[in-house]
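Single-structure report; data block below.
The values are calculated or read from the model by the stated rules, or taken from the named source; none is laboratory data. Treat the numbers as computed from the prediction; the structure is a model and nothing was measured. Here the Cβ positions follow ideal geometry from the backbone for every residue, glycine too, while neighbour counts run over all protein chains shown.
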Amino acid sequence: MSKMRIAGRQRLSGAVKVQGAKNSALPILAAAVLTKGESVIYNCPALSDVEASLQILRWLGCRAERSGNTVLVSCDGIDRFDIPDALMRKTRSSIVFLGAVLAARGRAKLSFPGGCEIGLRPIDIHLRALKKLGAVIKERHGFLDCRAPHGLVGAEIALPFPSVGATEDIMLAACTASGTTTVINAAREPEISDLADYLNNCGAKIYGAGEGVIVIDGVESLGCCEHAVIPDRIVAATLISCAAITGSEITLQGVIHSHLGAVVSAFEDAGCVFSSHENELRVSAPQRLQAMKIVRTMPYPGFPTDAQAPLLAASTVADGTTVFIENIFENRYRHTAELVRMGAEIKTEGKFAVVEGVSRLYGASVEAGDLRGAAALIAAGLSAEGTTEVGGVRYLERGYEDFELVLTSLGADIKKL
Ligand code: UD1
């Protein structure tokens, strides 16, 4: 099992390019199932979660080849509608294949994704929406068998919560359905707009992605296109956190500022100063951060749940008390017990975490329990006195491409063991 060893208290400096967004790449690769011809996906990060999607595509009979950060995908040869349990379990987000395979093949058989490290993660909203589009779904022994005996037909779907995955599943199922689908209370995350851009460039007619109401006019079929995945706003937020916790000044390249509004605002509350130029964002952190008072995670454009753990790590050394309210997932404070081993003062209760800032953290051997928690522990290790070893690197590699190399290029002393 790999670990990261970090010698803390090094200042970071310099510029680094932010990788492509995992949460865009995954639904875009699933969307390729609906297309004819060969799509070229640029800026596709090399991550274990993305590799799992490529394996699913190959299993289904598609061609999926990576060369650096470019992926060529052609689904003309698709000849299956089932996804085995072992592949489904590799990444929870494989559930977006449900809508895509159902629309492409008229049937999708895959295992129920079940819970994961950060919570139960039910898929009831996905299933209810697909049923509205005409899917007949049987759930048996942990498997879902979905058919569209009369084809998928557009419908009006009001979501009880703006679920990112459900909005994507509906877009995928609806873009070649007959008639018009309207999604009310749709998720507005930038990754939804990126998926819509890919599908629209392939010939879909999706309007309003990025807003609360999305309208999808079904088309006969989709072609292919070249598409560049948007930059990863959560990786950007994590790097900002690494700069903030070490009192550093760094520049992020290739970011979209508007995607980082709530993140920048939280770090400004902590005393960081930002300046931007075209697609660069420079963050300059004070000697000591100030407490941020209250941070609430919310659906976009609110503060992202995925950036909660890295921000919380930074708040452990801020001057004063910060209260976190995690409104999206029920089990997202696993990193706090490990941060406490490093000297942080944190109390959690349900969706609340109260962080009393300490003057410094101390190196320790800690274990990550999920993807963003792993990033938080690395950020903490960068600021800690002495050496920190972070176990559970496999979680980190689900979402951060060569993270130790990125940090080393900024001057950190970090090695993968
Ligand atoms: C996506 C992101 C994940 C991010 C999350 C919230 C991907 C691959 N993953 O996950 O990184 O943390 O959005 O921004 O894009 N829910 C239900 N029933 C459902 C679906 C969701 O109750 O059918 C609940 C979930 O348990 C959770 C909340 O809704 O409490 C948000 O989930 P959702 O927006 O669907 O997140 P994901 O798409 O799974």
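Values as computed for the structure displayed
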read-out: Single condition TRP59 does not satisfy, out of (1) within 16 Å of the ligand (Cβ to nearest atom); (2) assigned to a helix (DSSP H, G or I); value: (1)
read-out: Any hit, the stretch 152-159, residues being away from the ligand (no atom under 11 Å from the Cβ), modelled with pLDDT of 95 or more, under 20 Å from LEU110 (Cα atoms) and over 23 Å from the mean Cα position of the chain (by Cα); value: yes
read-out: Those residues of the stretch 35-55 which are in contact with a Ser or Thr (Cβ under 6 Å, 6 or more places away or on another chain) and either crowded, with 24+ Cβ neighbours inside 10 Å or assigned to a helix (DSSP H, G or I) (or both), in sequence order; value: ASP49, ALA52
read-out: Tally, over the stretch 338-392, of residues that are in a strand (DSSP E or B), over 27 Å from the mean Cα position of the chain (by Cα) and closer than 19 Å to MET292 by Cα; value: 2
read-out: Any pair with Cβ under 7 angstrom, 6 or more apart, that starts in the stretch 79-108 at a residue that is in the same structural domain as ARG140 (by TED's automatic domain parsing) and ends at one that is assigned to a loop (DSSP other than H, G, I, E, B) and polar (S, T, N, Q); value: ALA103/THR176
read-out: Check on VAL354, under 13 Å from SER315 (Cα atoms) and in the same structural domain as GLU326 (by TED's automatic domain parsing); value: yes
read-out: Residue under evaluation ALA309, criteria (1) out of contact with any helix residue (DSSP H, G or I) (no Cβ under 7 Å at 6 or more places or on another chain); (2) small (Gly, Ala, Ser); (3) outside any strand (DSSP E or B), criterion not met; value: (1)
read-out: Filter pass, ARG332 being assigned to a loop (DSSP other than H, G, I, E, B) and either surrounded by 17 or more Cβ atoms within 10 Å (Cβ to Cβ) or within 16 Å of the ligand (Cβ to nearest atom) (or both); value: yes
read-out: Meets criteria (touching a Leu at 6+ places or on another chain (Cβ under 8 Å), within 14 Å of the ligand (Cβ to nearest atom), modelled with pLDDT of 95 or more and in a strand (DSSP E or B)) for ILE170; value: no
read-out: Residue pairs meeting the criteria (Cβ under 7 Å; at least 6 apart or on separate chains; first without any contact (Cβ under 8 Å) to a residue 40 or more places away in the chain and in a loop (DSSP other than H, G, I, E, B), in the stretch 123-147; second within 16 Å of the ligand (Cβ to nearest atom) and of a type outside the set (Asp, Glu)); value: ALA135/LEU102; ALA135/CYS146
read-out: Every residue from the stretch 364-399 that is β-branched (Val, Ile, Thr), in contact (Cβ under 8 Å) with a residue 60 or more places away in the chain and crowded, with 22+ Cβ neighbours inside 10 Å; value: ILE378, THR388, VAL390
